[in-house]
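Below: the structure, in structure tokens.
The values are calculated or read from the model by the stated rules, or taken from the named source; none is laboratory data. Bear in mind that the values here come from a model prediction, so they are computed numbers and not experimental data. Note that we place each Cβ from the backbone using ideal geometry, even for glycine, and neighbour counts take in every protein chain shown.
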Amino acid sequence: MTPEVGDIRGAPVIIGAGVAGLMTALHLAPHPVYLLSPTWLGTEASSALAQGALAASLGADDSPDLHLADTLAAGDGLCDESVVRRVLNAADRAIENLMDLGVAFDCSWDGTLRLGLEAAHSRRRIVNAGGDSTGRELVRAHHRCEANAFDHNSGRHGSPPAHCGKWAGQRRAGGKKCTGDCLSDPSTGGIGALFRDTTNPPGSFGHGLALAACAGAELADLEFIQFHPTALDVSHRPMPLVSEAVRGEGAVLINERGHRFLSNTLGGELASRDVVARAVWQQLATGHRVYLDARQSLGQKFAKRFPAVARHCRDGGIDPAVEPIPVRPAAHYHMGGVAVDAAGRSTVPGLWACGEVACTGLHGANRLASNSLTEAVTTSLWVAQSVAAAPAGWQWPRLVAKAPLPPDPSSVRHVASNALGVIRDGQALSDTVETLLPIAVRNTAASDPALIALMIAIAALRREESRGSHCRSDFPPRSAQARSSRLTLASAMTVAAELSLRPAERSA
């Protein structure tokens with residue numbers, strides 16, 4: 001049954017209320033904006049869980065050019081240099097804007113911003129708020145946003161499926177229910193919930209990507225998923241993150257024998273995340289346990305410097321001041337996303353993307369730590385300017401609405417975790433495509449999660465090289481030519497159908 005709705009045609013609709021969505025709404029003020037969120041304004045967004053911070057070249061020994069060089073190196077040949085330069089040049093102003101909004105960044109004794117160090121950064125340029133609770137502090141500050149906002153709830157808990165092509169607010173806002181075919185900005189990224197081990201909230205299964213794909217948008221670089229090397233190895237899900245800044249303060253990775261297995265690796269514990277994640281994964285794959293040891297570097301200062309991590313450790317019965325912290329890699333950030341231009345426009349007129357759901361070209365094959373929040377707060381301004389400049393009455397394509405089903409990625413997790421993890425191989429990827437195709441084409445709770453996992457598997461299968469976060473055991477070398485990948489729903493379904501029709505390979 002189609003719900004009773006009120007018409008909000010003509011007003012921008014922002015799907016997702018993490019930092020990117022909230023910043024876009026702020027920049028669009030005083031225009032009326034509708035924020036659609038599965039929960040109350042970003043409380044379960046990945047942004048709110050971010051322990052890292054914003055990266056900006058604020059130090060006397062730093063510059064945007066040095067930050068650029070670090071970003072390009074981490075991106076392993078796939079960054080769009082013009083995008084990187086534009087974002088990083090705007091980073092300092094973005095931090096000033098956040099301070100104007102009331103974000104209280106951590107300062108040194110003399111009142112200057114305290115700059116931290118994270119992996120693959122050649123300088124201290126990480127700006128935190130609340131120690132290791134930066135994401136939550138940003139979201140709290142943005143709750144002051146003057147926007148018409150309402151939760152999405154389908155009558156059952158969960159986000160709406162992207163198959164419907166548009167989202168309907170079922171919870172009353174100002175005594176009225178709303179829907180609309182309007183200018184839209186999916187700021188609802190993250191695909192970590194497709195995996196058993198993830199730092200992302202339960203709803204992060206790629207619903208923004210599914211929405212854009214079903215609308216006909218082109219998706220880019222889906223195969224590049226960043227696995228954070230130091231998630232707290234406990235049963236709680238999402239897995240608490242042990243911030244990279246802990247390693248920046250001198251903590252080291254050891255196995256159960258006390259062996260520091262990264263000591264001979266360039267950069268050591270502060271090598272790029274893909275390098276560290278693979279090293280940790282290899283230790284685990286050979287039967288070892290892995291620990292982050294901060295006893296000598298931080299000791300009794302740990303809880304004061306990293307209160308959120310210390311709290312999670314205590315909940316797991318661990319005292320990081322006197323014992324090493326058990327860690328393992330976990331799905332953390334998706335470099336791929338909706339292909340967008342410099343203004344955040346997708347290939348579908350009237351559809352913009354911002355934040356983790358977008359692929360701007362900033363991160364390339366491997367995100368440099370803390371560049372994602374910097375991206376969200378800078379690009380949201382450019383998206384808002386583009387949306388505001390759109391012709392009056394411009395509507396994005398009208399699609400048929402269906403009664404929403406609460407998405408459930410649980411049946412997809414085993415397949416995705418085994419085939420799309422830190423190390424991949426062609427046979428497992430092919431098998432995954434065949435397994436997921438029949439699930440993706442059905443109209444069930446698992447369909448949208450299966451669709452996104454399917455498209456990621458196809459992109460990973462087609463990239464026959466190892467680059468950045470994408471590591472193929474059957475194609476270990478990096479190709480001489482760097483290329484970005486592109487995929488639409490139609491092209492993905494064609495590839496999937498062809499793979500499903502292939503005769504099974506027989507061994508001699």
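Here are the numbers for this structure:
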| item | result |
| --- | --- |
| Enumeration of residues in segment 423-444 that are under 11 Å from R472 (Cα atoms) and surrounded by fewer than 23 Cβ atoms within 10 Å (Cβ to Cβ) | I423, D425, G426, Q427, A428 |
| Failed item in (1) surrounded by fewer than 18 Cβ atoms within 10 Å (Cβ to Cβ); (2) over 16 Å from L219 (Cβ atoms), with R472 passing the rest | (1) |
| Pair list, Cβ < 7 Å and 6+ apart or interchain, from segment 192-206 residues that are surrounded by fewer than 24 Cβ atoms within 10 Å (Cβ to Cβ) to residues that are basic (K, R) | R196/R413; D197/R328 |
| Checking A90 against (1) surrounded by 21 or more Cβ atoms within 10 Å (Cβ to Cβ); (2) at pLDDT 65 or above, the condition it does not meet | (1) |
| Residue in segment 248-257 that is farther than 19 Å from S370 by Cβ, β-branched (V, I, T) and assigned to a loop (DSSP other than H, G, I, E, B) present | no |
| Strands (runs of 3 or more DSSP E) within segment 286-387 that include 1 or more residues without any contact (Cβ under 8 Å) to a residue 40 or more places away in the chain | 290-293 |
| Flag for A330 being among the small types (G, A, S), in contact with a Ser or Thr (Cβ under 6 Å, 6 or more places away or on another chain), buried (at least 24 other Cβ atoms within 10 Å of the Cβ) and at pLDDT 95 or above | yes |
| Filtered residues of segment 207-232 (kept if buried (at least 24 other Cβ atoms within 10 Å of the Cβ) and of a type in the set (D, E)) | D221, E223 |
| Every residue from segment 465-485 that is part of a strand (DSSP E or B) and over 20 Å from P229 (Cβ atoms) | F475 |
| Strands (runs of 3 or more DSSP E) (entirely within segment 124-241) containing at least 2 residues that are among the β-branched types (V, I, T) and at pLDDT 50 or above | 225-232 |
| Residues satisfying the stated conditions in segment 241-289, i.e. of a type in the set (A, V, I, L, M) and either within 24 Å of the chain's Cα centre (by Cα) or not assigned by TED's automatic domain parsing to the domain that holds P307 (or both) | L241, V242, A245, V246, L270, A271, V275, V276, A277, A279, V280 |
| A277 surrounded by 16 or more Cβ atoms within 10 Å (Cβ to Cβ), assigned to a helix (DSSP H, G or I), at pLDDT 95 or above and hydrophobic (A, V, I, L, M, F, W, C) | yes |
